[in-house]
1. Give me the residue from segment 154-178 that is away from the ligand (no atom under 16 Å from the Cβ) and not in a loop (DSSP other than H, G, I, E, B) and, out of that set, surrounded by the fewest Cβ atoms within 10 Å (Cβ to Cβ).
2. Would you check if residue 195 is in contact (Cβ under 8 Å) with a residue 12 or more places away in the chain, surrounded by 24 or more Cβ atoms within 10 Å (Cβ to Cβ), within 14 Å of the ligand (Cβ to nearest atom) and within 19 Å of residue 12 (Cα to Cα)?
3. Go through 251, 243 for me and flag whichever is in contact (Cβ under 8 Å) with a residue 60 or more places away in the chain, within 13 Å of the ligand (Cβ to nearest atom), under 18 Å from residue 21 (Cβ atoms) and in contact with a strand residue (DSSP E or B) (Cβ under 6 Å, 6 or more places away or on another chain).
4. Yes or no: segment 30-47 includes at least one residue that is touching a strand residue (DSSP E or B) at 6+ places or on another chain (Cβ under 8 Å), crowded, with 16+ Cβ neighbours inside 10 Å and under 28 Å from residue 192 (Cβ atoms).
5. Which residue out of 213, 206 is away from the ligand (no atom under 14 Å from the Cβ), crowded, with 18+ Cβ neighbours inside 10 Å and in a loop (DSSP other than H, G, I, E, B)?
6. Among the residues of segment 123-153, what is the count of those that are in a loop (DSSP other than H, G, I, E, B) and either in contact with a helix residue (DSSP H, G or I) (Cβ under 7 Å, 6 or more places away or on another chain) or more than 16 Å from residue 174 (Cβ to Cβ) (or both)?
7. Residue 223: touching a helix residue (DSSP H, G or I) at 6+ places or on another chain (Cβ under 7 Å), part of a loop (DSSP other than H, G, I, E, B), within 14 Å of the ligand (Cβ to nearest atom) and over 13 Å from residue 152 (Cβ atoms), yes or no?
8. Name the helices (runs of 4 or more DSSP H) wholly within segment 1-98 that hold at least 3 residues that are without any contact (Cβ under 8 Å) to a residue 60 or more places away in the chain and within 16 Å of the ligand (Cβ to nearest atom)?
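FYI, it's all coordinate maths here, none of it is from the lab. Since the model is a prediction, treat every value here as computed from it, not as a measurement. Cβ atoms come from the backbone with ideal geometry, glycine included; neighbour counts cover every protein chain shown.
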Ligand SMILES: O=c1ccn([C@@H]2O[C@H](COP(=O)(O)O)[C@@H](O)[C@H]2O)c(=O)[nH]1
């Protein structure tokens, strides 16, 4: 079975280095002329699937915006995941899960076991109960060709106080996460299956990302203020591993399908101007 890293590498080669998030904010639903209810959510996600499912390498539904409608919202998330995968996108579910290991096993089954209704190609995970507590996710991902993106240096301004705090050995908390994930990817080619989340908003923090060997998801572009040019400052010599991620910047072009496609094409051109050819 092909690893997630191999599948992601191919998707990026074929479709370009871009992840687009599905974040149906109430304000976006209103802007699209849709009600803030389950029908509005369904119409919104159907439109994004139609516009981008067959052209963007990775689509990242933000689970919170589906969960806020309860079981009917989660049912729409399930069908959205299936439709995106059928259309050829890799689906990265943004859920930022993390807990003690025995509970992480259940999260792993929920998202990374192919028999689950919420089965996706990859998930986001929080390492703040210890990177080791995420081991059940790493194991199930490896078994079934899935991926895990672990938060390292998040795009929000509050993240730095925790993530850039120094540990007893002098490394930052984030650097310890980076180093542990680098170990997991050792020897993987062309790309490891274990990624990191590093915000495009954080500037030059001096962290060493050169040995990660897996994808570096870069949210914070567009609505949070970072632009493609900021990727150079944040990632330096690791630019070749970056997967830029945009949500509101692209989604605000809807509901017209052609306009959504044009917005995704535009941000991809911006990113290609900065990232090495892949
Ligand atoms: O550090 C992080 C980690 C995750 N996110 C998520 O990405 C999108 C960003 O949406 P935009 O509309 O492009 O701002 C959203 O789902 C966040 O929860 C992040 O922003 N930063």
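1. 166
2. yes
3. Only one candidate qualifies: 243.
4. No, segment 30-47 has no match at all.
5. So the residue among 213, 206 that is away from the ligand (no atom under 14 Å from the Cβ), crowded, with 18+ Cβ neighbours inside 10 Å and in a loop (DSSP other than H, G, I, E, B) is 213.
6. The qualifying residues number 3.
7. Yes.
8. Filter on segment 1-98 gives 26-31, 63-67, 70-87.
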